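Below: one structure, written as structure tokens.
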Amino acid sequence: MAPVVYEGAAVVPAHQLVKPVSRDIFPDGLKTTGQHPPLYDQLKPFSEFPQEITGPTVWKAEEYKNNPEKWTHRLTDDEVAELSDAADAFLAGQIPLTGISKGNFPLPKLSAFLAELYKDLVDGKGFILFKGFPVKEWGNHKSAVAYMGLGTYLGYFVSQNSRGHVLGHVKDLGEDAAQIDKVRIYRTNARQYFHADDCDIVGLLCIAKALDGGESDIVSSHSVYNALAKERPDVLETLIQPIWYFDRKGETSVGEEEYIKTSVIYLENGGKGRVYTKWDPYYVRSLTRFSDAGIIPPLSAAQTEALEVLEATCNRLALHMVLDIGDIQFLSNSQVLHARTAYTDYPPPAPRRHLMRLWLATPEHEGGWKLPFWDSDEKKRGGIQVNDTPPVAPLDGE
């Protein structure tokens with residue numbers, strides 16, 4: 001394989017520099033930093049990556065398949081009551097949902113458990129399934145408040161799209177999944193291949209289930225890494241090289257390019273030297289409008305094979321998980337990839353499959369991974385931010 005030329009240090013454009021924000025626009029005083037290229041001089045060559053990853057981030061599906069007690073937490077009556085009281089007090093205070101924080105959503109008892117969970121999500125196996133969240137009893141509004149309040153103990157919520165949604169909705173809105181250069185797949189009923197979202201931790205709260213399908217698969221990206229290192233080191237090297245273009249599907253601020261050139265797998269910038277995987281095949285395959293025009297190179301044979309081998313390895317090692325109504329799944333994108341099967345909704349008037357989604361950021365100074373991006377220590381690193389679009393928290397898909 002020909003050597004890759006690693007580019008010089010990326011320059012942070014002036015509009016991306018951290019600066020004070022208006023609380024009239026951003027009620028919690030924080031703005032999502034958004035998508036951007038890595039700092040190329042901080043990307044490491046294949047020769048510097050570990051031959052094998054060890055530790056609690058490396059797990060196999062067999063460890064958990066028949067042992068749900070290892071990865072589920074059923075909310076107790078006392079925990080539900082504490083969440084309910086905090087949500088009622090927040091609603092009574094008439095604070096915008098986009099202004100919710102640990103400071104105005106106190107959980108004096110549950111917070112201790114969430115602090116331990118945070119460590120396991122960031123440094124451990126990277127996933128949990130909560131059960132017993134009373135969405136039917138509370139309805140969408142109170143459920144959203146309690147869910148976002150719970151999420152503030154695990155990270156800072158970031159915008160998930162160009163419209164500023166900090167409370168997202170995974171729901172079939174009738175968009176054409178074939179138009180992958182325009183449509184976000186979470187707004188369709190199509191299959192989602194293994195991927196990581198543009199955030200550190202993703203949360204999914206099940207409001208309504210599908211008639212068929214829509215089930216979840218997760219995999220340790222570190223187990224996948226180890227398998228590739230043994231079986232296909234050539235594929236691993238291809239994924240590590242900064243030769244991949246990721247589509248931004250038009251969700252860009254003024255002056256930004258429509259795509260980002262980066263790696264799929266890279267090392268922390270210092271810290272614990274952990275291996276991070278950032279991947280979504282839909283965002284790679286959707287760039288033919290640029291490659292056909294000769295603006296960027298098309299996928300090489302090695303890249304095409306790499307994405308196919310990566311997906312097959314994920315499927316082989318995956319843990320299957322079903323979300324019932326009132327379940328909340330939290331995953332760390334740093335060391336876990338996730339997927340979803342295609343689904344069919346119940347016919348009307350039954351509700352469509354509906355998951356409320358949170359994207360959460362975990363900055364370096366609060367234990368987050370030291371990533372080779374300029375915003376690695378910003379509280380709301382990552383996500384999608386277009387210009388000064390304000391955050392919004394709609395209670396349903398739109």
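Simple point charges give the picture: +1 on the Cβ of Lys and Arg, -1 on the Cβ of Asp and Glu, and for region 24-366 a dipole about the Cα centre of about 360 debye.
With the charge dipole of the chain set up from +1 on Lys and Arg Cβ and -1 on Asp and Glu Cβ about the Cα centre, the Cα lying farthest toward the positive end among the listed residues C199, V166, T54 is that of V166. Approximating the spin labels as points 7 Å out from Cα along Cα→Cβ, the K70-to-H141 distance works out to 4.3 nm. Taking every alpha-carbon pair under 8 Å whose residues sit at least 6 apart, region 24-366 reaches a relative contact order of 30 percent.
Using alpha carbons only, the radius of gyration of the chain set against its Kirkwood radius gives Rg/Rh = 0.94.
Positive-end ranking of I325, G126, L337 along the dipole of the chain, with charges on Cβ about the Cα centre, is headed by I325.
Taking 0.36 nm per residue of sequence separation and removing the Cα-Cα distance, the L173/S291 pair yields an extension gain of 39.6 nm. Each of P96, I25, Y40 was placed along the dipole of region 19-109 (beta-carbon charges, centred on the mean Cα), and the one lying farthest toward the positive end is Y40.
Candidate cross-link partners of K131 among the aspartates and glutamates, defined by an alpha-carbon separation under 17 Å and a same-chain spacing of 8 or more, comprise E69, D77, D78, E79, E82, E215, D324, D327. Relative contact order of region 59-153, taken over Cα pairs closer than 8 Å and 6 or more residues apart, is 45 percent.
Under 22 Å of direct C-alpha separation, and excluding same-chain neighbours fewer than eight residues apart, K125 reaches these lysines: K60, K65, K70, K230, K272, K278, K370.
Size descriptors for region 245-369 (Cα atoms only): Rg and Dmax, in that order, 18.0, 53 Å.
Ordered by the count of other Cβ atoms within 10 Å of each Cβ, fewest first, T362, T32, T72, T152 give T72, T152, T362, T32. Ordered by the number of other Cβ atoms lying within 10 Å of each residue's own Cβ, fewest first, R232, R191, R23 fall into the sequence R23, R191, R232. Partners of K19 within straight-line reach, counting lysines whose Cα lies under 17 Å from its Cα and excluding those fewer than 8 residues away in the same chain: K31, K379, K380.
Rule-based calculations on the coordinates, nothing more; no lab input. All figures in this text were calculated on a predicted structure; none of them were measured in a lab. All Cβ positions, glycine included, derive from the backbone under ideal geometry; neighbour counts span all protein chains shown.
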